[in-house]
1. I'd like the FRET efficiency for GLN494 and THR207, computed as 1/(1 + (r/R0)^6) with the beta carbon distance as r and R0 of 45 Å, rounded to 0.05.
2. Around VAL325, with a cut-off of 10 angstrom between Cβ atoms, what is the net charge of the other residues, counting Lys and Arg +1 and Asp and Glu -1?
3. What FRET efficiency do you get for THR449 and ARG605 if R0 is 51 Å and r is their Cβ-Cβ distance, rounded to the nearest 0.05?
4. Could you tell me how far the Cα centroid of the range 270-329 sits from the Cα centroid of the range 168-193, in Å?
5. Grab the Cα-Cα distance for TRP245 and THR669, subtract it from 0.36 nm times how many residues apart they are, and report the gain in nm with one decimal.
6. Here are some values of log10 I(q)/I(0) by the Debye sum over Cα atoms at q = 0.05 Å⁻¹: [x] -0.25; [y] -0.34; [z] -0.21. Which one was computed from this structure?
7. Of the peptides 210-223, 509-522, how do they stack up when ordered by the mean number of other Cβ atoms within 10 Å, highest first?
8. So how compact is the range 473-574: Cα radius of gyration and Dmax in angstrom?
Amino acid sequence: MKRFGLEVLLFTLTTLPIFAQYTIRQPNAIPLHGEWSFTLDPADMGHKAGWYSDKVPTNRFDKVTVPHSFSTDPRYGFYTGTVWYRKTFPWQPQDGKRVILHFDAAYYMTNVWLNNQKVGRHEGGYTPFHFDITEYLKAGENLLAVSVNNDTWQPGTIPGGKDNNQPNDSFMGWMNYGGLNRPVYLTVEPAVYAENLKVEATPDLSTGTALVRVKLRMRNTTNQTVSPKATYQVLYNRQPLTLNWKGGATRIAAGQTAILEAETTIPRAQVQLWNLNSPTLYQLRASTDSDTLTTNFGIRKVEVRNAQLLLNGQPIKVGGGNRVVDYPGQGSMEPDWLIEKDFRLMKEAGMELQRLTHYTPSEYFYDLADRYGMLIITEAGNWQLTPNQMDTDSIRKNFRNQFREMAERDWNHPSVIAYSVGNEYLSEQPAGQRWTKDMIAYARELDPTRLYTFASMRLNILPKKPEDEASQYVDFVSTNTYGNHAKALDHIHQLYPDKPILLSEWGTRADGPDGEAGQVAHLQHIVQEIRSRPYVVGASWWTYNDYQSRFHGTNANGYRPWGIVGPDRTPRPVYAVYQQEMSPVTIEKVRFVPGSQGVHELVLRVRARADFPAYSVINYTLVSGNKVLPIPDLQPGESKEITVPIKGFENSALIKVMKPTGFTAVEKTVDLK
């Protein structure tokens with residue numbers, strides 16, 4: 001989010017191709033990608049022996065390329081334990097500047113040294129963290145050393161193993177891919193700098209205006225009190241809007257941080273709402289006399305009312321998927337090409353919603369969701385923690401830290417409509433009830449603008465009263481249900497009649513008794529159950545992709561084949577059926593009128609589904625060969641006939657309906673008879 005223009009080009013790395021594979025949102029970032037020295041530490045002797053020291057030779061270290069997942073590096077197999085990374089870089093200190101070392105994520109327990117001095121420690125595998133290293137730098141060559149431990153099979157980490165003494169229950173359901181999995185970089189900041197920026201843009205649906213509130217967090221690293229004054233600018237299509245801002249300066253004591261607040265109203269004529277059909281983005285630029293931060297944001301309103309999910313006042317029901325961050329040879333690394341590949345495949349499958357799989361992915365996926373329209377429910381931490389773990393103070397503190405890091409990174413993304421405080425814990429027990437109530441309360445203090453939920457598996461045991469299960473505390477109910485769907489959904493609705501229901505997990509494996517055909521049949525059957533229940537507002541298939549695991553039930557090849565695509569993203573037969581069932585529109589041939597000289601007319605009826613999925617179909621187009629025909633805007637349940645000119649004497653025609661964002665909504669081969 002930083003501005004350009006700081007004097008940061010102090011050295012040139014030879015790893016720009018590697019850097020270019022990973023989007024870093026800080027434009028003044030100095031990447032530390034490329035070649036690092038690396039070694040395993042299976043006996044955990046490196047800390048005591050001082051492997052961070054420049055006195056320790058690295059002739060027995062290997063060379064790796066960061067970002068790096070040692071779990072998928074063929075030299076190290078699926079090693080679990082401590083590893084060491086070391087890198088030297090040149091530096092020329094700048095008076096009055098602060099240097100910040102950033103890790104977009106490192107899995108899981110990270111310790112950092114610079115020039116033989118301990119800089120800090122971080123716990124958590126998927127959220128960003130940083131250290132001010134100004135006082136540790138020196139002129140000339142600097143040695144950065146990082147130890148990373150990925151042993152999250154033991155109880156006490158988040159995610160981590162359970163403390164219930166059950167066989168094969170110390171494994172979380174996905175791989176503990178260890179290493180410096182995401183970008184590592186430096187930024188150079190002024191002595192008083194902007195640390196974070198939160199934008200809350202709320203439309204008034206009756207007047208068409210929008211209220212924009214800004215919170216700018218400033219850090220004062222000087223030894224005296226300062227009173228910075230901020231100015232703000234909103235840009236739309238790169239053009240600044242003329243707005244009147246309310247807000248003033250704030251005193252910040254020496255060595256402290258403070259929040260500068262301001263607000264403005266965007267007039268009706270300049271408000272374009274963010275939605276799936278038109279994911280309009282604005283940019284906000286916050287500047288002080290010493291620093292500038294910029295961020296994108298969208299204007300949209302998400303509510304729940306009368307068992308419905310409303311986007312900008314309109315009910316919306318969408319299909320979705322659970323994407324596991326896992327790819328052959330990459331582990332949990334996410335180069336841009338992989339994120340772009342997954343996003344396109346998910347969107348074209350009809351997945352307009354992503355309920356995250358228990359941790360936050362790279363931010364670039366959120367950027368694409370903002371740009372092309374996708375709703376995201378982001379989730380942190382608690383994957384099947386036991387009651388004892390949920391009542392443990394250190395685990396609660398760890399969860400809060402990881403949730404805060406996630407929220408502070410993601411809170412300006414309009415695609416993020418909700419946060420989840422966990423998955424499949426014993427939510428009917430007192431500890432699960434306390435966890436849900438307490439963590440939602442904590443999260444709302446950080447970000448009151450989102451909806452809150454958690455993914456329950458305990459509603460399937462059909463509790464008798466709403467207060468018997470922790471879904472009493474959520475804005476909408478999320479249920480992981482793998483059988484008896486009709487009975488479970490009806491019972492949940494009876495318990496919580498005013499709350500919409502999301503099937504946060506459902507699906508079946510491709511290697512079940514009926515194989516891949518069984519996936520197709522299961523999909524078609526459950527979708528019919530959903531369509532007869534108007535209170536179901538979303539259905540997120542487990543999973544979009546196959547993934548590696550050590551959990552019981554994993555196949556001999558190491559994978560769990562739940563996906564509509566395989567590990568390498570090859571679509572299964574269910575992929576095309578999912579696209580058809582989750583499209584908001586259907587195509588039906590009305591008639592074919594043969595003409596003279598090989599020019600014919602094909603009349604199609606395009607209908608917007610009224611049951612599920614269901615949302616406004618705006619600015620869609622119909623494509624046949626090289627012809628692109630506009631589809632009139634349709635509300636759920638509406639239909640229009642469209643005449644398609646056909647030339648030639650083919651027996652069939654391939655018809656596509658395209659979303660305004662450029663993705664295929666559905667395609668169908670129509671007989672020309």
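1. Result of the calculation: an efficiency of 0.75.
2. Summing Lys/Arg as +1 and Asp/Glu as -1 gives -2.
3. Plugging the Cβ-Cβ distance into 1/(1 + (r/R0)^6) gives 0.80.
4. Between the Cα centres of the range 168-193 and the range 270-329 lies a distance of 24 Å.
5. Gain on extension, TRP245 to THR669, equals 147.2 nm.
6. Correct label is [x].
7. Listed from highest to lowest mean packing, they are 210-223, 509-522.
8. Spelled out, the Cα radius of gyration and Dmax of the range 473-574 are 14.9, 45 Å.
A short reminder: the numbers here are calculations on the coordinates, not readings from a lab. If you're wondering where the values come from, they're calculated on a predicted model, not measured in any experiment. Glycine also receives a Cβ, built like all others from the backbone with ideal geometry; neighbour counts cover every protein chain displayed.
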